[in-house]
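A short write-up of the structure that comes next.
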Amino acid sequence: MSAHVRTVELGVGESGLTEGCRGCGGGTAGCGTHGRDCDCGGHRCATCGGASERPRWFAGQLVGPSDLEALQQWVIGRNRRHNRMLHGWGVACGLTVTQTLDQQGAAQPWSVTVGEGYALSGCGDEVCVPGPVRIDIRQPRPDGVDGCAPPVDPWCAPVRQRRDPERTYYLAVRYAEEQRRPVRTACDCGCDDNPCEYSRVGETYTLAVLDSLPDCYQEDLREQPHQDVSYAAPRNTSSTTNKTSAVETLQEAVGCSERIRRLGTRPCPDCCSPWVVLADLKVDTRGTVTLDPLSHRRFLASFGSYGFSCTPRSDHLPTVTITQPESGGTFPSAHETGLELKAKASDPEDGELSGGSVQWFDSHHDAQHEPLGAGTSLTTTLSWDDQDKPYEHTQHTVLVEATDSDGHVAADSVTIKVGQPAPPPPPPRITAFTPASGAMLPLEWNSKRRIEVTFDEQMNQAQLAIPDPWFRVWEIHPEHDVLGIKFTTIKKLSLTLTGSPSGTKTLYALEESPFQGFLYLVQIRLGSALLGDKGPPRALDCDFAGTKLSGGVLDEIWSMPAGTEHRKDKGWFDWNAWSSTSAALPSGDGTEGGTFHLLFNVQAPIN
């Protein structure tokens with residue numbers, strides 16, 4: 001497995017902590033970098049140092065790099081403090097140390113390989129090695145196995161260090177940071193005048209061979225009754241806590257100890273070295289490495305690989321039975337009354353089941369497992385599908401499920417048929433109109449200009465009172481001669497509802513006009529639907545052609561505004577078109593909507 005390999009200084013430790021925990025890998029809330037093992041500078045880490053302040057942002061705030069860095073360091077410090085106080089330090093997984101083998105499987109002298117793994121340092125930093133790393137223990141700065149690393153100048157290569165064959169060394173790892181991705185800062189003259197800056201901080205690791213154990217590794221590891229397990233007593237320099245045994249420390253992790261009873265609390269852990277020891281090693285004069293990966297390897301208590309499952313307890317399953325309706329039943333069309341569903345559900349441990357524990361579902365055709373509701377009793381409606389027209393019934397499977405407190409489910413179902421809905425009632429129609437289509441009225445009609453519309457059922461009275469959106473009457477004077485110029489005059493007349501509609505009849509008064517033309521055009525359209533008041537809302541079916549006028553002419557007249565006379569030049573009026581047909585009422589073609597138009601005549605006055 002290939003991995004990014006860090007170049008590390010062997011045998012170099014880290015030193016003290018100032019201002020709490022500071023500096024591991026270049027950040028704060030870690031440990032410093034001053035030339036010896038990081039042990040917080042001989043002082044205890046502040047338990048909550050720096051935890052009481054974090055940057056706060058607000059609109060219009062001037063934000064600089066220090067503000068953003070402060071937020072970063074607050075988060076980093078908080079994470080380190082969390083790791084140190086709750087998880088401790090040591091190896092969590094991996095980070096194996098083995099002798100490096102050549103292609104023939106023989107151990108290579110002076111070389112060991114560290115496997116991938118994860119650890120937490122005593123300062124709370126994460127140490128993650130993403131892949132195997134090969135190390136020459138003689139090199140102060142081993143280059144590892146990075147095939148992409150630049151070649152090393154042999155004149156500048158580090159001198160190999162001598163290793164004492166009688167001495168034990170300690171291979172350790174720690175968190176480190178490196179600056180990456182240089183970018184130019186905002187400037188006009190290039191980086192010669194204004195230096196470049198690094199835009200990223202790479203979180204990595206450093207490996208080293210230490211001459212001695214870091215301070216926080218206690219030499220007095222206490223052996224427990226199980227010889228294959230040992231526990232490290234904590235490093236705690238506070239005079240108030242006194243020394244405590246490793247056994248007592250283990251007990252304090254999960255329960256009360258004598259020290260807790262004495263102090264009234266569990267003491268907070270101190271900061272420790274950033275170095276995590278991976279193995280003890282010795283090397284002879286020929287470079288043969290002897291490894292001891294366990295004597296000083298400190299393991300974290302980790303639940304990363306632990307999990308569990310619960311097998312169902314041996315209990316009785318719930319039962320459920322549909323008591324209504326019976327399977328095979330057929331129900332009337334349109335569900336004029338709801339379909340009542342009932343069931344009995346119980347569980348030996350929970351008793352009677354009800355409410356959300358009992359769920360109903362419906363399945364038919366492509367609709368599967370559609371929820372109907374909950375409870376042991378409910379009323380619902382089931383649909384009839386158009387695709388079932390040849391059979392006039394839709395088959396439904398009604399399912400009920402009962403769930404007990406352990407999650408066990410019992411089910412029961414019935415199959416029923418739902419009949420085809422009854423056809424909707426036909427839309428209302430106009431059965432009579434006065435004056436009738438094609439009527440010739442005497443001149444006296446002008447003294448009481450009334451129009452009566454009769455429907456086959458009662459209509460919506462509010463809409464009848466405002467006829468203009470659906471009902472208009474036009475006074476037409478064709479081929480009118482004025483000073484030898486002939487033109488056709490068209491005028492829209494207003495309609496006023498006279499009294500309250502009586503049953504199915506509605507009477508309108510037509511606006512008086514001094515013009516008293518002898519041709520009147522009536523139009524009814526359902527741009528704004530006139531609805532019946534009986535049963536479901538249905539628009540008027542008003543299809544009726546009482547004239548021979550084309551649709552274009554009828555549309556043109558319908559759109560003419562009220563209040564003015566509209567004149568059309570000679571030739572626009574066609575006597576053949578402006579004549580009545582033989583159509584008879586009632587109106588309608590069986591569907592809602594449509595257009596209605598008819599003509600009637602009034603005798604012209606004798607000059």
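A few notes on this one:
- Any hit, the stretch 474-490, residues being of a type in the set (A, V, I, L, M), at pLDDT below 90 and within 60 Å of the chain's Cα centre (by Cα): no
- Residue in the stretch 552-572 that is of a type outside the set (K, R), modelled with pLDDT of 90 or more, within 14 Å of L599 (Cα to Cα) and in a loop (DSSP other than H, G, I, E, B) present: no
- V398, sole failed condition from (1) open to solvent by 40 Å² or more (accessible area, probe 1.4 Å); (2) within 38 Å of the chain's Cα centre (by Cα); (3) modelled with pLDDT of 90 or more: (1)
- Hey, E457 closer than 23 Å to T547 by Cβ, open to solvent by less than 60 Å² (accessible area, probe 1.4 Å) and of a type outside the set (S, T, Y) or not: no
- Among the candidates T376, T403, T323, residue that is at pLDDT 90 or above, over 37 Å from the mean Cα position of the chain (by Cα), more than 30 Å from P424 (Cβ to Cβ) and open to solvent by 20 Å² or more (accessible area, probe 1.4 Å): T323
- Some residue of the stretch 65-73 being free of Cβ contacts under 8 Å to residues at least 24 places away in the same chain and assigned to a strand (DSSP E or B): no
- Any hit, the stretch 335-345, residues being of a type in the set (D, E), open to solvent by 40 Å² or more (accessible area, probe 1.4 Å) and modelled with pLDDT of 90 or more: no
- Single residue of the stretch 95-132 satisfying the filter (assigned to a strand (DSSP E or B) and touching a helix residue (DSSP H, G or I) at 6+ places or on another chain (Cβ under 9 Å)) that is surrounded by the most Cβ atoms within 10 Å (Cβ to Cβ): L120
- Matching residues, the stretch 133-162, being surrounded by 20 or more Cβ atoms within 10 Å (Cβ to Cβ) and either among the charged types (D, E, K, R) or modelled with pLDDT of 90 or more (or both): V133
- Taken together, the residues in the stretch 472-506 that are within 29 Å of L530 (Cβ to Cβ), in a strand (DSSP E or B) and open to solvent by 60 Å² or more (accessible area, probe 1.4 Å) amount to 3.
The values are calculated or read from the model by the stated rules, or taken from the named source; none is laboratory data. These numbers come from a predicted model, not from an experiment. In this analysis, Cβ positions are derived from the backbone assuming ideal geometry, glycine residues included, and neighbour counts consider all displayed protein chains. Areas reflect the complete protein model, heavy atoms only, side chains present, ligands, DNA and RNA absent. Shrake-Rupley method; radii C 1.70, N 1.55, O 1.52, S 1.80 Å.
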